[in-house]
Amino acid sequence: MKYGYEWLIIDKGEYEIEAVLKWQNNTACIKDVFHDLMGNNRPGKSRLCIEWYQSDDKMLCMIRKVT
């Protein structure tokens, strides 16, 4: 564990994804994006909410699809 961070392996599969553009100015809306992606389902260990910061302007909200 370099730098004391925990390693996590993201399961392969299909994910619901929504991009948040200019995310640094829109942090308040991120929770709403995840709530929309979840629908009536709740996250759990098999359904993590993942934030992927692709750049200073683009972040992806990702939740694994329920199968």
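The values are calculated or read from the model by the stated rules, or taken from the named source; none is laboratory data. From a predicted model like this one, the values you see are computed outputs, not experimental measurements. Please note: Cβ atoms are built from the backbone with ideal geometry, for glycine as well, and neighbour counts cover all protein chains shown.
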Long-range neighbours under 9 Å by Cβ, at least six apart or interchain, first residue closer than 11 Å to V66 by Cβ and at pLDDT 80 or above within region 19-48, second basic (K, R) and surrounded by 14 or more Cβ atoms within 10 Å (Cβ to Cβ): M38/R47
Residue check for G13: loosely packed, with under 10 Cβ neighbours inside 10 Å, at positive phi and free of Cβ contacts under 8 Å to residues at least 12 places away in the same chain: no
Complete set of residues in region 1-34 that are assigned to a helix (DSSP H, G or I) and under 23 Å from D56 (Cα atoms): Y3, W23, Q24, N25, T27, A28, C29, I30, K31, D32, V33, F34
